[in-house]
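Bear in mind these aren't lab numbers, they're just calculated from the coordinates by the rules spelled out. Predicted, not measured: the structure shown is a model, and the values here were computed from it. Quick reminder, even Gly has a Cβ in these numbers, built from the backbone with ideal geometry, and neighbours come from all protein chains shown.
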Amino acid sequence: MPIESGNRRRTPAEPLPVRRKTSYGSAGRASRALSFSVAVRQVFGSGFGTGFWLAAGWLLLVAACALFATVLPVRDPLDPVIVNRLNAPFTSNWLGADGLGRDMLSRLVHGARVSVVISLTAVSIGMLIGGSLGILAGYFRGRFERALMAVLDVILAFPWLVLLLALVAFIGQSLMAISLAIGLLWIPAYARVARANTLSVVQREYVLAARAMGASTLRILLREVLPNVILPVLAYGLVAMGLVVIVESALAFLGLSVEAPQPTWGGMIAEGKRHLAIAPHVALVPSITMFLTVLSLNYVGDRLRSRFEVKESNL
Amino acid sequence: MSETSNPQLRARDDIVLKVEHLVVTFDVGRELVQAVSDVSFDIARGETLGLVGESGCGKSTVGRAIMQLPPPKGGKVIFKGQDITQLEGEALRKTRTALQMIFQDPISSLNPRRRVKDIIAEGLQIWERPNQRARVEEVMEAVGLDPETAADRRPHQFSGGQCQRICIARSLALDPDVLICDEPVSALDVSVQAQILNLLEDMKARYQLTMVFVAHNLAVVKHISDRVAVMYLGKLCEIGSVDAVYQHPSHPYTQALLASIPELETSQEDAIPLLQGDIPSPMNPPSGCRFRTRCPKAQAICAQQEPAMQASPSGIGDHFVACHFPG
Amino acid sequence: MTDSQHQTQQVPLLRVEELTVRLRGEAGIVHAVSDVSFQLQRGQTLGIVGESGSGKSVMARALMGLLPRRATHLMEGSVSLAVDGRVLELLKLSEREFRTLRGPRLAMVFQDPMTALNPVLTLGVQIAEPLQLHLGLNKAQAMARALELLTQVGIPDPEGRLRQYPHQLSGGMRQRVVIAIALACDPQVLLADEPTTALDVTVQRQVLDLLLALQRERQMGMVLITHDLGVVANRADHIAVMYAGRIVEYAPTSRLFSSMRHPYTEALFKSVPRLSDPSHTRLHAIPGRPPQLIDPAPGCAFAPRCPNAQQRCRRETPALAQIGDQHLHACFYPIGSKEVGA
């Protein structure tokens, strides 16, 4: 997992493993370790800071809500209680109630489910297909790369919302169908990220050394290239998930996401639109939740990614 | 390109590696650049051939072309009597194990995500050799790494010099015949450089290696080599034993190279004029002799006719130079 | 070294006293430069020799005021520059004040000429810019001066070059342009940080000779920083050898080479492969490796690799002490002392 290795401490190496010699110092780093640029760069890589942990905590909370929505002590998200209609927050409903008197907190918790499932599935699809294509393109170059990049450029140039509408119309509005549709949309972006990272890894001499050792292409891809490409790709995944949450809500806003009455954050915002003048919280509460979630995903993803970059350059 | 004869190739029966008329080209945009053009030399068993020249002269490309990484555009690489440019697939992969390589940047030569013992065992795993663990420990000890403490670490926990030791251990694990060293010490500090050079000499003796040592530093090359080949803009200028080339440099370029080395000894105001100007672009090399644009001895013929390899006027055996006006 | 030890009547052009720089690193505070003192006279060249991690580049950047503030944990001591009869204390200047000095007073030549030039601007613009900024020349005057500078640094066809971009030049030519830019405003002090390390041997010598010729002609003070003793051997007036952020030996060049006293200087000198040695000569490698500068151990930093080291070296840090005319070293048991080998 990215978090684990991203959090790697600079383990001080034992004294020089050359036996007969006395050794000095530790912190096994490149001999240029203290060159100016590294010293400066180290500053930016130091620790993750409280912001990171706050963001990660929020994401954990959202994930837990999604996972345990059915067992959490919240009301039924589909149960309209007319007396609670448009209740303000901090009344009998903690976060207020919507136009039908449904509990907002409960709907948020259940809506998290949709957001989490869709973003995870969509990003996984994009990562698997796009990532593999990108690695292959970056490794083999040549005609395959040119053809793939041309196709991807065409997909990227297509208005994504129109494409998505067509896809949803074609494969339906179930949770899986929507995840799949958004996932397909992510293939080009992932292919690009994976290809760019592969290109830089392939130039490293350890790939050449593996070939000199007689390693097969498959072995090089799996042992030398993949482990070095996967971390930046995974870190990009968090940023992508943030975008997927927004794309899903846009679909929901147009009434094309998971069908009502299943709560989704986008659907809640769409519904709140009607009550903006008298009860702005109906739209605001899901908006703020989504804002925090996307912000956290971006923040965590960004920090992890920059951490990997620092690590790469230190090596 | 006319095929020149190659008097510098020796008729000995202990020749391990012979490179004939090697040509390597690169695509640069729409143009084809000849990084190496018509280079021939041979290396006898147990010999170290130093390959020197400035950046862009094609010396590293020669090293890689021997490994078929990538295969050269033309010419032959004859290893133990077999032309390996004709090999493909499994056969090529198998032959490569007898030729190993170490690179300039020891840190970029090691996969940051793997442990030292896995890196060193890579070749053994690929070829499913027996007793891998023992072999890994043996080569680690040989290069001065403690298997106990070093085996489970990752490359970033080591200094540049240590990483170069790991690279050397990796290249030795498969028990190669030929070790190609591509600028192995130029990224290291002076004090560490000496350690690695000494180590390479030790390893050569211990594992009966034949070496190709590519470097730009003439003093380093002199220390480690038996024979030296000087390259300029993809061509071989001069080749001969270390003593012949360093004591009696016959090519004006070799003379200029030797004169420009900053030396520690008190000022040697040299008779040989310093080179003017820069190396021309390999995209568009000068006609005739490629060195003529910077050569103090250049005459009309140098622009018209490419000089062929001929015995050097030094009179020392196996000392050859490609110059119209050697000496 | 203090004033009394340096009996020069002249006010030195650049005087560095007990400069200590600590940087914030990921793994802790890096003791990059510790207690470095030296002075530089007009028209002199000081060679600073050290391996990577010896603090030589950090020191140069500290003198130029180029260390990012957020990366600097501590900067102590004094760096004074004689400017028109006044003495400026550089460490006390604000970034704004410092900016007016870079160019006309202090200039720097970096190792990599490719990254030191802006790839999207023509050479003419890059040379003329500091002239317009610092000397208040108009565009035509600045371009005329740029032409003059390119001629001085030995670039053929300088007029054509003014309109070219950096990628159209070879490495050696680029470094000449970098030198031209550094010299544009007639600096008093030129810091050259590994100016030829990225260049080929045959070009390296041309560039070094050029730097030295320009330095003599303009009577600049030059600090030539390098890892290669050979580069400074015949060029510097004085040499300071740095190890682990400290100057361990300082002497006039000829004196340093004829009677080096610090074991590190000698070890460094001996570990360099020489052309004069026969082939397959065993090199004198220095065992171990340079120390890390985070939480340095007490005592002399070279002690763990030093053949002369004794108990005392591991407890106390030797100070830089004068042993002869302008010859200083920081060692308890220097080469040739009686206690060694006891």
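When DSSP assigns beta bridges and you keep just the ones with both residues in chain B, what percent turn out antiparallel, to the nearest 5? List each step's numbers first, then the result.
Values: 28 of 46 bridges.
The answer is about 60 percent antiparallel.
Each of residue C:93 and residue A:53 was given a label point 7 Å from its Cα along the Cα-to-Cβ line. The distance between the two points is 4.3 nm. Can you give the Kirkwood hydrodynamic radius of the protein assembly as shown from its Cα pairs, in Å with one decimal? One decimal place: 32.0 Å for the Kirkwood radius. Positive-end ranking of A:174, A:200, A:214 along the dipole of the range A:48-314, with charges on Cβ about the Cα centre, is headed by A:214. Here is the size of the range A:48-314 from its Cα atoms: Rg then Dmax, 21.6, 76 Å.
Antiparallel beta bridges, as assigned by DSSP with both residues in the protein assembly as shown, represent about 65 percent of the total such bridges.
Determine the gain in length on full extension of the stretch residue C:73-residue C:86; use 0.36 nm per residue of separation and subtract their C-alpha separation, reporting nm with one decimal.
That pair, residue C:73 and residue C:86, stretches by 1.8 nm at full extension.
Dipole magnitude for the range C:246-342: computed about the Cα centre from +1 point charges on Lys and Arg Cβ and -1 point charges on Asp and Glu Cβ, it is near 200 debye. Using the structure shown, list the pairs from B:73/B:204; B:235/B:297; B:80/B:235; B:18/B:73; B:73/B:222; B:76/B:222 with a Cα-Cα distance above 20 Å, or answer none. Violating the 20 Å limit, Cα to Cα: B:73/B:204; B:80/B:235; B:73/B:222; B:76/B:222. With a cut-off of 16 Å on the backbone N, the residues of the range C:217-261 near the modelled label site 7 Å out from residue C:321 along Cα-Cβ are C:248-250, C:261.
Taking the Cβ-Cβ separation of residue C:282 and residue B:80 as r and a Förster radius of 25 Å, what is the calculated FRET efficiency to the nearest 0.05?
It comes out at approximately 0.20.
Rg and Dmax, both from the Cα atoms of chain C and both in Å, are 20.9, 71.
Can you give the FRET efficiency to the nearest 0.05 for residue A:160 and residue C:312, using r as the Cβ-Cβ distance and R₀ = 45 Å? Walk me through the numbers before you get to the answer.
Working: r = 73 Å, r/R0 = 1.62.
FRET efficiency, residue A:160 to residue C:312: 0.05.
With the charge dipole of the protein assembly as shown set up from +1 on Lys and Arg Cβ and -1 on Asp and Glu Cβ about the Cα centre, the Cα lying farthest toward the positive end among the listed residues C:273, C:293, A:116 is that of A:116.
GNM remark for chain B: springs join alpha carbons under 10 Å apart, and the peak mean-square fluctuation among B:103, B:26, B:213 falls on B:26. The alpha-carbon atoms of the range C:290-342 define a convex hull whose volume equals 88 cubic angstrom per residue.
Shape analysis of the range A:122-177 places it in the oblate category; the axes a ≥ b ≥ c from the Cα gyration tensor give an a/c of at least 1.5, with a/b not above b/c. Using the Cβ-Cβ distance between residue B:281 and residue B:207 with R0 set to 30 Å, the FRET efficiency works out to roughly 0.15. Our summary of shape: the Cα atoms of the range B:112-175 have principal axis extents of 30, 23, 19 Å, ordered from largest down, in whole angstrom.
With a ≥ b ≥ c taken as the square roots of the eigenvalues of the C-alpha gyration tensor of the range A:146-194, please select rounded if a/c is under 1.5 and otherwise prolate if a/b is larger than b/c or oblate if it is not? List each step's numbers first, then the result.
Values: a/c = 2.98, a/b = 1.84, b/c = 1.62.
Prolate, because a/c is 1.5 or more and a/b exceeds b/c.
The share of alpha-carbon pairs in the range B:17-138 lying farther apart than 19 Å comes to 58%.
I'd like to know how the range C:248-328 sits against the 2.2 N^0.38 Å rule of thumb: what's its Cα Rg over that expected value? Let's see the in-between values first.
Details: Rg = 14.6 Å, N = 81, 2.2 N^0.38 = 11.7 Å.
The reported ratio for this selection is 1.25.
Classify the range B:133-205 as rounded, prolate or oblate, taking a ≥ b ≥ c as the square roots of the eigenvalues of its Cα gyration tensor: rounded when a/c is under 1.5, otherwise prolate if a/b is larger than b/c and oblate if not. Oblate.
Given charges of +1 on the Cβ of Lys and Arg and -1 on the Cβ of Asp and Glu, with all other atoms neutral, how large is the dipole of the range B:57-169 about its Cα centre, in debye to the nearest 20?
Details: 18 positive and 13 negative charges, 75 e Å.
Charge dipole, the range B:57-169, about its Cα centre: 360 debye, nearest 20.
Overall, the range A:69-108 carries a charge dipole of about 60 debye about its Cα centre when +1 sits on the Cβ of Lys and Arg and -1 on the Cβ of Asp and Glu, all other atoms neutral. Across the options B:124, B:112, B:147, the greatest Cα extent toward the positive end of the charge dipole of the range B:112-175 (unit charges at beta carbon of Lys, Arg, Asp, Glu) belongs to B:112. Over the C-alpha atoms of the range C:1-110, the Rg to Rh ratio, Rh being the Kirkwood estimate, stands at 0.96. Taking 37 °C and 0.692 mPa s as conditions, the range B:170-308 diffuses translationally at an estimated 192 µm²/s according to Stokes-Einstein applied to its Kirkwood radius (Cα pairs).
Among C:170, C:271, C:279, the largest mean-square fluctuation in a Gaussian network model of chain C, built with springs joining Cα atoms closer than 10 Å, belongs to C:279.
In deg cm²/dmol and to the nearest 500, what is the mean residue ellipticity at 222 nm of chain B if only DSSP H runs of at least 4 residues count, each as -39500 (n - 2.57), divided by the residue total? Numbers along the way, then the final one.
Working: 11 runs with 100 residues, N = 327.
For chain B, the value works out to -8500 deg cm²/dmol.
Restricted to Cα atoms, the range C:142-247 shows a radius of gyration and a Dmax of 14.5, 46 angstrom. Computing Rg and the Kirkwood Rh from the Cα coordinates of chain B gives a ratio, Rg/Rh, of 0.98.
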